[in-house]
Amino acid sequence: MIDIELYNKLLHAGHFTILDSYIKANKVLNGSEKALCSISGGSDSDIMLDMIHTLDESEKVTYYWINTGLEYQATKEHLDELEKKYDIEIVRLKPDKSIPLCVKEYGVPFLSKYVSEQMMRLQKHNFQWEDEPLEVLMEKYPDCKTALQWWCNAYYLPENGVQKMSRFSISRNKWLKEFIIANPPDFLISNKCCEYAKKIPAKHFIKECGADLEITGIRKAEGGIRSANYKTCCSESKSKGCDTYRPVFWYTDSDKTGYEEFFGVTHSKCYTEYGLKRTGCVGCPFSKHINEELAIIEEHESNLYKAAVHIFGKSYEYTAKYRAFAKEMKAREKEAKKRGLSCNIGDNFTDIPCAV
Ligand code: SF4
């Protein structure tokens, strides 16, 4: 419950988003009989925990954390600190399959969740990464329509035929198609570790506890696929069998700082000593700043660095190669534009200086 003193303090400090989130969280908690709160050990999760713990007077919330098999030692220590600070237990869950096992069985994540999903589907059909029209490929590879549509930047409807598509297409990653055609992957790509190391164990725990509410620390401003998947702070998940509430969903970066200062919330060593901007699975290849992160991991948690390189090494190499390719193509495109030419992968611009 939010007490009147806290209400007034937040009001007078001008923390309206925070105040609003406390009121909403209080209402949501009151409407739940059994709530679970998913702790990641990251900074958004720290704020969420602080808020939920303040409001949960009847202690009906169960806190849990999933050990994916690739977790910072600093995160594990931080969880112990949080338990002491709030006098709570954070239940440690095991993954259905750990990340190393998933990667071994299904393949390595590459670039983003969506790209990995589509490439995994294509690989399942033994796709040869051909540059052919959608109709031709649909005939050659039946039962693989969504991934082929992604690959062809087009979708097919029986009534309208083939139409150009941009939103869920490979062109969202510039030069990726050209890169893959020139450098087909010789290893399996998959996003299955997210499913087996995160989603499924959470789902099992929700069922086991009979929870009607799951609380997570996702912020819209954090960006990425996680936040892009949601439009509001509340949603109903049929597959999980309970509602989901994201108390800090609308927090901007400045609301977050405001909260940290107002309530004295501090974060794990991952932020305060290592200098990471975000935590999560160590060395996840979906990170946009993976090279910077790897340098930090090598310095502070060298064993985990070795593990990450061993598990995700192929993805790191392939990503680096793609980024170098895209950089070169961009430079060539710029140069070609200057000369009033168009730039295609097969073009021979031998006289154009290469950027890489
Ligand atoms: S966040 Fe990355 S490393 Fe972690 S489970 Fe998902 S894809 Fe795998």
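The values are calculated or read from the model by the stated rules, or taken from the named source; none is laboratory data. Quantities reported herein were computed from a predicted structural model and do not represent experimental measurements. As a convention, Cβ positions derive from the backbone with ideal geometry for all residues, glycine included, and neighbour counts pool all protein chains shown.
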For this session: Look at Gln163 and say whether it is polar (S, T, N, Q) and part of a helix (DSSP H, G or I).
Result: no
How many residues of the range 18-44 are among the acidic types (Asp, Glu) and under 15 Å from Ile2 (Cβ atoms)? The answer is 1
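Select from the range 91-106 the residues that are under 14 Å from Ile39 (Cβ atoms) and either over 22 Å from the mean Cα position of the chain (by Cα) or within 16 Å of the ligand (Cβ to nearest atom) (or both) and list them in ascending order. Show your work before the answer.
Of the residues in the range 91-106, the ones under 14 Å from Ile39 (Cβ atoms) are 91-93.
Matches in the range 91-106: Val91, Leu93.
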Listed by first then second residue, the pairs whose first member lies in the range 211-233 and is loosely packed, with under 15 Cβ neighbours inside 10 Å, whose partner is at pLDDT below 70, with beta carbons under 8 Å and at least 6 positions apart or on separate chains, are none
Those residues of the range 131-179 which are surrounded by 15 or more Cβ atoms within 10 Å (Cβ to Cβ) and in contact (Cβ under 8 Å) with a residue 60 or more places away in the chain amount to Asn173, Trp175, Leu176, Glu178, Phe179
Answer with yes or no whether Ser45 is over 21 Å from Thr216 (Cβ atoms), within 16 Å of the ligand (Cβ to nearest atom) and under 27 Å from the mean Cα position of the chain (by Cα). no
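So that you can scan it fast, the table gives a plain yes or no per residue for (1) touching a Leu at 6+ places or on another chain (Cβ under 8 Å); (2) at pLDDT 95 or above; (3) away from the ligand (no atom under 16 Å from the Cβ):
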residue	(1), (2), (3)
Asn303	no, yes, yes
Ala307	yes, yes, no
Lys321	no, yes, yes
Ala331	no, no, yes
Requested in this report: Look at Ala355 and say whether it is in contact with an Asp or Glu (Cβ under 8 Å, 6 or more places away or on another chain), at pLDDT below 95 and part of a helix (DSSP H, G or I).
Outcome: no
Residues of the range 279-301 being farther than 16 Å from Asn191 by Cβ and either in the same structural domain as Gly42 (by TED's automatic domain parsing) or within 11 Å of the ligand (Cβ to nearest atom) (or both), in sequence order, are Thr279, Val282
Pairing a residue in the range 107-120 that is on the phi < 0 side of the Ramachandran plot with any residue that is β-branched (Val, Ile, Thr), where Cβ atoms lie under 6 Å and the two sit 6 or more apart in sequence or on different chains, gives Phe110/Ile189; Lys113/Ile225; Ser116/Ile189; Met119/Ile189; Met120/Ile189
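Have a look at Ile90, Ile47, Ile99 and point out the one that is over 30 Å from Trp175 (Cβ atoms), surrounded by 21 or more Cβ atoms within 10 Å (Cβ to Cβ) and in contact (Cβ under 8 Å) with a residue 40 or more places away in the chain.
Details: Ile90 fails: surrounded by 21 or more Cβ atoms within 10 Å (Cβ to Cβ); Ile99 fails: over 30 Å from Trp175 (Cβ atoms).
On inspection, the qualifying residue turns out to be Ile47.
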